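Q: Can you keep this structure in mind? I'll have questions shortly.
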């Protein structure tokens, strides 16, 4: 069995319309995520957020909402990279199951 076949076998498939599925729900769209987070961050009104994982982020208390917002913003970057990947490689799973 090839590595790609092994990875494909490990992908979650679901028949409902929520969450991961195969193959259509593997594709992501950055713009709705950006719009959502832009609205959430504006409503929170905390000002500039540290980048998740940086020393400034690590110094925030675990209960500080800015810490979670910064992680969400990092997730937006992941979605953008994923969307770019699928724009070039429209076949889900072509990256061997590795996130963008």
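Q: Counting pairs of alpha carbon atoms under 8 Å apart in space and at least six apart in sequence, what relative contact order in percent does segment 26-88 give?
A: Computed over segment 26-88, the figure is 48 percent.
Q: Here's a follow-up. Quick check on packing: order 76-82, 39-45 by the mean number of other C-beta atoms within 10 Å, highest mean leading.
A: Listed from highest to lowest mean packing, they are 76-82, 39-45.
Q: A further question on this structure: Output needed: percent of Cα pairs per 10 Å distance bin for segment 26-88, bins running from 0 to the one holding the longest distance.
A: Binned Cα distances yield the sequence 22, 45, 27, 6.
Read-outs throughout are calculated quantities, based only on the coordinates presented, and are distinct from any laboratory measurement. Computed from a predicted structure; not experimentally measured. Please note: Cβ atoms are built from the backbone with ideal geometry, for glycine as well, and neighbour counts cover all protein chains shown.
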